[in-house]
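I have placed the structure first, in the form of structure tokens, so that the comments after it can refer back to it.
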């Protein structure tokens, strides 16, 4: 799990979950939701954890869409590199699709979400690319923190 409780990348934390901004990719709003008592997959997760997981994923996705202007927010969980249960919440913005199409020559083909996700994670990295104009990770993280606090207070 990356980001300690004082990290500028930490967006949200409670007794069961930790939501942090990804640190190796320049896509603002790309979050990873870690399950603290992480089983190896959903089938092994407790009923209480899964009951709380759905609403948190939905709140986080809504906050990401609002803060980044994402047309879609992908939610992915593979468990191949890191086997502990975690979810990638990835904003698919217009800017990102345009960069992907330029880089891959896919033109107006339908977007292949998994391919776009992998391309972004390996191409839009510090030292190899620049972040999108107008969206800074720090500002997006601050906005996400505030949005999740507001939504949590209303729950």
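All of the numbers you see were taken from the coordinates with simple rules; none came from a lab. Every value quoted in this text rests on a predicted model; they were computed, and no experiment measured them. Counting neighbours? That spans all protein chains shown, and the Cβs are built from the backbone with ideal geometry, glycine included.
Report, in deg cm²/dmol and to the nearest 500, the calculated mean residue ellipticity at 222 nm for the chain, where each DSSP H run with n ≥ 4 adds -39500 (n - 2.57) and the sum is divided by the residue count.
Working: 4 runs with 62 residues, N = 155.
Rounded to the nearest 500, it is -13000 deg cm²/dmol.
If you fit an axis through the alpha-carbon atoms of helix 94-104 and take the longest principal axis of the Cα set of the chain, what angle between them do you get, 0 to 90°, nearest 10?
Tilt of helix 94-104: around 60 degrees.
Using alpha carbons only, how many degrees (0 to 90, rounded to 10) separate the axis of helix 113-123 from the longest principal axis of the chain?
For helix 113-123, the angle is close to 80 degrees.
Quick check of the Kirkwood formula: for the stretch 18-74, what is the inverse mean of 1/r over all pairs of different Cα atoms, in Å? Kindly include the intermediate steps, with their values, before the conclusion.
On the way: mean 1/r = 0.0797 Å⁻¹.
By the Kirkwood definition, the hydrodynamic radius is 12.5 Å.
Ranked by Cβ crowding within 10 angstrom, fewest neighbours first, how are 100, 30 ordered?
Details: 100 20, 30 26.
In order of increasing Cβ crowding within 10 Å: 100, 30.
How big is the C-alpha Rg of the chain next to the rule-of-thumb value 2.2 N^0.38 Å, as a ratio?
Details: Rg = 15.5 Å, N = 155, 2.2 N^0.38 = 15.0 Å.
The reported ratio for this selection is 1.04.
Expressed as an acute angle from 0 to 90° and rounded to the nearest 10, what is the orientation of the C-alpha long axis of helix 137-154 relative to the principal long axis of the chain?
For helix 137-154, the angle is close to 40 degrees.
With all distinct Cα pairs included, what does the Kirkwood hydrodynamic radius of the stretch 59-118 come out to in Å, to one decimal, could you say? All intermediate terms of the calculation are to be shown ahead of the outcome.
Details: mean 1/r = 0.0793 Å⁻¹.
12.6 Å is the Kirkwood radius here.
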